[in-house]
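The structure appears below as structure tokens.
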Amino acid sequence: MLKTFEEVIERACHYGPKRLSVAVSQAEDVMTAVEQARQKGMINGILVGDKEQTISVCKNLKIDLNNYEIIDQKDKTEAARIAVSLVSEKKAELLMKGMLGTARILKALLDKEIGLRTNRLLSHAYVLKLEHYDRLLTMTDGAMNIAPNLEQKVQIIQNVIDFCRSLEIEQPKIAALAAVELVNPNMQASLDAACLSKMAERGQITGGIVDGPLAFDNAISKKAALYKGIDSPVSGQVDAVLVPDIESGNIFAKGLVYLANAEPAGILLGTTAPVILVSRSDTAVSKVRSIALGILMSVYQNS
């Protein structure tokens, strides 16, 4: 089990370098992260975007562009299509969203001709290292699916189980969160969580242990769970939490980052190849970690 981002990056360096396609490369934070990942031996890069602006950015950062292939495309929508095509055509192994909105990259990802679609729902994993927790904690899905129904939550959990296995977690422990730890017919999240737990028991979700409904305190703390009389197989050892909807996930993750100094990284799941999908406001350090996660997912998908 990889418990820190340092371990994740070390393992990614071992598997690298992988070929990274960057969609809209002309941004300092993007190129800082890409160059740091290249220097660590994790990636080689193909930069798709405005060549003139990319050169200017790299000049300011003292990045030697002889180490990169550049594809000049000023239109961001077309740059996204080209970057995705490079991955679908096996000319690159990973895709990274650069300086463009998520909607544009998703349109290219879902394109029937050039996209990276699978039969699985696309979902997002936000990975956090917390000061007082002994492992990485993955939260899903606070960025992609607005109000997933039970069927969609099944796919989101299967996605995150597969992702956790790429972190060398043999049997990931997943908590399906709600505001309470008991089933309440008036709270849909608690009903869904109970169904997901039973579906995992019956083999409809595979590869991990799923329990719920659990309030967050009962999920993250074995002591809190036992105090409430809950004997859960995941409490205190949770590898990933499923949040009820995008609002709760967004608030959960950003609250931990901005108020508890959690270290974040992010990746899109459910695609044929890993997609590094982080907020434009995330730091270069966060983006390097996200690239490392993508490399581990690539190795897992191709194993």
* To do: Could you check, for the range 96-103, whether at least one of its residues is exposed (fewer than 14 other Cβ atoms within 10 Å of the Cβ) and touching a residue at least 60 places away in the same chain (Cβ under 8 Å)?
  => no
* Asked: Which of the residues spanning the range 77-95 are open to solvent by less than 10 Å² (accessible area, probe 1.4 Å) and either within 18 Å of the chain's Cα centre (by Cα) or of a type in the set (Val, Ile, Thr) (or both)?
  -> Val84, Val87, Leu94, Leu95
* Asked: In the range 204-246, which residue that is among the charged types (D, E, K, R) and within 15 Å of Ile174 (Cα to Cα) is most open to solvent (accessible area, probe 1.4 Å)?
  -> Asp231
* Asked: Which of the helices (runs of 4 or more DSSP H) contained wholly in the range 190-303 include at least 1 residues that are among the hydrophobic types (A, V, I, L, M, F, W, C) and within 30 Å of Lys91 (Cβ to Cβ)?
  -> 284-301
* Could you check, for the range 106-117, whether at least one of its residues is free of Cβ contacts under 8 Å to residues at least 12 places away in the same chain, in contact with a helix residue (DSSP H, G or I) (Cβ under 9 Å, 6 or more places away or on another chain) and surrounded by fewer than 21 Cβ atoms within 10 Å (Cβ to Cβ)? => yes
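The values are calculated or read from the model by the stated rules, or taken from the named source; none is laboratory data. Here the structure is a predicted model, which is why all the values come from computation and not from measurement. Here the Cβ is made from the backbone with ideal geometry for all residues, glycine too, and neighbour counts use every protein chain on show. These area figures cover heavy atoms from the full protein model, side chains too; ligands, DNA and RNA do not enter into them. Shrake-Rupley method; radii C 1.70, N 1.55, O 1.52, S 1.80 Å.
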